[in-house]
Amino acid sequence: MPHTIAHWADNKPYPGSSGNTAPVTNPATGAITGHVALAGVPDARHVIGAATAAFPGWRDTSLAKRTAILFRFRELLNERKEELAAIITAEHGKVRSDALGEISRGQEVAEFACGIAHLLKGGLSENASTSVDVSSLRQPLGPVAIISPFNFPAMVPMWFFPIAIAGGNTVVLKPSEKDPSASLWLAKLWAEAGLPDGVFNVLQGDKDAVDELLTNPDVKAVSFVGSTPIARYVYGTATAHGKRVQALGGAKNHAVILPDADLDLAADSMVNAGFGSAGERCMAISVVVAVGSIADDLVARIADRARRLKTGDGTRDADMGPLVTRAHRDKVRGYVDQAERDGAKVVVDGRQVEPDGDAGGFWLGPTLIDNVRTDMSCYTNEIFGPVLSVVRVETYDEALALINANPYGNGTAIFTSDGGAARKFQNEVEVGMVGINVPIPVPVAYYSFGGWKSSLFGDTHAHGAEGVHFFTRAKVITTRWADPSHAGVNLGFPRND
Ligand code: NAD
């Protein structure tokens, strides 16, 4: 029986008044399992109002109390992550181990944010001028919005909200309407951890909800993750309304395999990074750039591994689950059809997959396409599915030029046993996150996550020191206590002497 998935404000469910809903499906069966509320403007204002009312009290709550609550949240998450993983599998489709993996990467950020007291320490210069001290501190911004994509319903929100909350902000999370239940589970966990009413809220919805978050004057900052066209729109609209914005967009990640690479390591890595989570990862490898004479051997090794992967229901013993919706599955399959018509060679054909799962599921097996050219639609589009394209080039320089000409710059990798070549690549490649013999170079929480070019709009990356910077603003204080020697009127520009 499908259930209703509500908003969350002031530590309790809020049904909203719009009357609009969208169906939520289990991608492994195609069955509708819930109906998520879609906010209208009054609903959005109600939830933003809860965050706005809670801000003064939370801003003034001591660092010791804030971090104690964050520690409790982390402990509860760690104890009960299996529950959250099951929710993710049921609405996103990814297999259980993958769901647990995304939770642990999000949990890392909560652990990082437990050290917020150290990260917020300011500076003080005594006697900057005679008897004048100058100090700096960082303060929270106010209510902030987090707008997240379907592919990481737990990890992506957790890139942001532990730091935002630890830093003294209040949060409105707008999750993807395709898998909205994980955010409600996280909201309940915060309440259980003792977070005061209104500090963490969830607004369900689509464009109407997003537009209110981008334009409402009470919302001070927006962290967005999703496709590039929406990221560009979010950045333009929210900055025009005076907000601080980081908008992370789409990707087309290339892995360069040099002739001296360990080909077994490279093939394992291409399969893991190409087909993990059915390719629905912004850090998935989408293009293998095979350099020189190794191409045939490399393709054979990848194909052999890809054919052995088990596609099926994420609650069973599968390596790879279904795609998120029927429409998305059909779109991805369409790229494979077109590549074949364009003359590329479909070496492993996921369209023929026999899944271990319900016939109504949104299945597409691992697909390997060789001899892909850069003018084919499977190369020019972010596919976001289990499709790995192989582009063959003769030299390192050709491989580098290919990557640097691509409009995206999220992640990339190089496989080689030559340290000099790897170092040259890390220096020359125009991409924000680089792996050297590592296929998914997702930075750990104390570094920052973010791409270049059309993969990120704004100048601050997610989590790590940049995340702390994003969710706080600097104040500098110049102080003098009464000193008779400096008394008197002087209209000259203040000098330091
Ligand atoms: P999406 O852009 O369709 O949706 C992202 C969010 O925007 C959702 O909350 C959605 O409700 C909202 N949205 C959708 N259409 C909108 C509109 N017209 N106006 C305002 N808001 C709108 O993305 P998705 O399909 O959920 O996620 C997949 C995309 O996210 C891929 O492009 C992937 O590369 C990208 N992604 C990027 C990163 C990164 O770190 N750069 C991480 C994860 C996913």
Residues to consider are ASP342, ASP313, ASP375, ASP317; find the one that is in contact with a helix residue (DSSP H, G or I) (Cβ under 8 Å, 6 or more places away or on another chain), among the acidic types (Asp, Glu) and more than 16 Å from the ligand (Cβ to nearest atom). ASP342
Quick one: ALA295 ticks every box in (1) of a type in the set (A, V, I, L, M, F, W, C); (2) more than 24 Å from the chain's Cα centre (by Cα); (3) surrounded by fewer than 18 Cβ atoms within 10 Å (Cβ to Cβ) except a single one, so which number is it? (3)
Inspect all residues belonging to region 137-145 and state whether any of them is under 15 Å from the mean Cα position of the chain (by Cα) and touching a residue at least 60 places away in the same chain (Cβ under 8 Å). yes
Only one of (1) outside the structural domain of PRO157 (by TED's automatic domain parsing); (2) in a loop (DSSP other than H, G, I, E, B) does not apply to ASP459, and that is (1)
Residues that are in contact (Cβ under 8 Å) with a residue 40 or more places away in the chain, open to solvent by less than 10 Å² (accessible area, probe 1.4 Å) and more than 15 Å from the ligand (Cβ to nearest atom), at least 3 per element: which strands (runs of 3 or more DSSP E) completely within region 181-275 meet that? 253-257
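Answer with yes or no whether HIS118 is without any contact (Cβ under 8 Å) to a residue 40 or more places away in the chain and surrounded by fewer than 16 Cβ atoms within 10 Å (Cβ to Cβ).
Details: without any contact (Cβ under 8 Å) to a residue 40 or more places away in the chain: yes; surrounded by fewer than 16 Cβ atoms within 10 Å (Cβ to Cβ): yes.
Against the criterion (without any contact (Cβ under 8 Å) to a residue 40 or more places away in the chain and surrounded by fewer than 16 Cβ atoms within 10 Å (Cβ to Cβ)), HIS118 qualifies.
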Taking the criterion of being at positive phi and not aromatic (Phe, Trp, Tyr), would at least one residue in region 372-379 satisfy it? no
Mind checking whether some residue in region 465-472 is part of a strand (DSSP E or B), away from the ligand (no atom under 16 Å from the Cβ) and open to solvent by less than 70 Å² (accessible area, probe 1.4 Å)? yes
Those residues of region 322-337 that are touching a Cys at 6+ places or on another chain (Cβ under 7 Å) and loosely packed, with under 15 Cβ neighbours inside 10 Å come to a total of 0
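With respect to ARG72, is the statement that it is open to solvent by 40 Å² or more (accessible area, probe 1.4 Å) and either over 17 Å from PHE471 (Cβ atoms) or within 22 Å of the chain's Cα centre (by Cα) (or both) true? Let's see the steps before the verdict.
On the way: open to solvent by 40 Å² or more (accessible area, probe 1.4 Å): yes; either over 17 Å from PHE471 (Cβ atoms) or within 22 Å of the chain's Cα centre (by Cα) (or both): yes.
Yes, satisfied.
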Would you say ALA278 is open to solvent by 70 Å² or more (accessible area, probe 1.4 Å), within 16 Å of the ligand (Cβ to nearest atom), at pLDDT 95 or above and not assigned by TED's automatic domain parsing to the domain that holds ARG105? no
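Which one of LEU456, LEU491 is more than 22 Å from ILE103 (Cβ to Cβ), open to solvent by 10 Å² or more (accessible area, probe 1.4 Å) and out of contact with any strand residue (DSSP E or B) (no Cβ under 6 Å at 6 or more places or on another chain)?
Numbers: LEU456 fails: out of contact with any strand residue (DSSP E or B) (no Cβ under 6 Å at 6 or more places or on another chain).
It is LEU491.
Return the total of residues in region 86-112 being under 17 Å from the mean Cα position of the chain (by Cα) and of a type in the set (A, V, I, L, M).
Start the filter on region 86-112 by keeping residues that are under 17 Å from the mean Cα position of the chain (by Cα), which leaves 88, 92, 94, 98-110, 112.
With the extra rule that they be of a type in the set (A, V, I, L, M), the set shrinks to 88, 99-100, 103, 109-110.
Selection size over region 86-112: 6.
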Pairs only if they're at least six apart or on different chains, beta carbon under 8 angstrom, first in region 301-327 and part of a loop (DSSP other than H, G, I, E, B), second at pLDDT below 95; list them, first residue then second. LYS310/ASP317
I'd like to check something: does region 348-356 contain any residue that is at pLDDT 95 or above, more than 16 Å from the ligand (Cβ to nearest atom), under 17 Å from ILE302 (Cβ atoms) and charged (D, E, K, R)? yes
Meets criteria (in contact with a helix residue (DSSP H, G or I) (Cβ under 6 Å, 6 or more places away or on another chain) and away from the ligand (no atom under 16 Å from the Cβ)) for ILE440: no
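Any idea how many residues of region 99-135 are among the aliphatic types (A, V, I, L, M) and in contact with a His (Cβ under 9 Å, 6 or more places away or on another chain)? I'd like the intermediate steps shown before the answer.
Within region 99-135, the subset among the aliphatic types (A, V, I, L, M) is 99-100, 103, 109-110, 113, 116-117, 119-120, 124, 128, 132, 134.
From what is left, the residues that are in contact with a His (Cβ under 9 Å, 6 or more places away or on another chain) are 99, 109, 113, 132.
Residues flagged as among the aliphatic types (A, V, I, L, M) and in contact with a His (Cβ under 9 Å, 6 or more places away or on another chain) within region 99-135 amount to 4.
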Tell me the residue from ALA28, ALA110, ALA99 that is crowded, with 24+ Cβ neighbours inside 10 Å, touching a helix residue (DSSP H, G or I) at 6+ places or on another chain (Cβ under 7 Å) and in contact (Cβ under 8 Å) with a residue 40 or more places away in the chain, please. ALA99
Given the conditions (1) more than 24 Å from ASN151 (Cβ to Cβ); (2) open to solvent by less than 60 Å² (accessible area, probe 1.4 Å), and given that LEU309 satisfies all but one, which numbered condition is not satisfied? (1)
So how many residues does region 380-409 have that are free of Cβ contacts under 8 Å to residues at least 60 places away in the same chain and buried (at least 23 other Cβ atoms within 10 Å of the Cβ)? 1
Would you point out which residue out of SER176, SER135 is of a type in the set (Gly, Ala, Ser) and either within 16 Å of the ligand (Cβ to nearest atom) or not in a strand (DSSP E or B) (or both)? SER176
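The values are calculated or read from the model by the stated rules, or taken from the named source; none is laboratory data. Since the model is a prediction, treat every value here as computed from it, not as a measurement. Note that each Cβ is placed from the backbone with ideal geometry, even for glycine, and that neighbours are counted across all protein chains shown. These area figures cover heavy atoms from the full protein model, side chains too; ligands, DNA and RNA do not enter into them. Shrake-Rupley method; radii C 1.70, N 1.55, O 1.52, S 1.80 Å.
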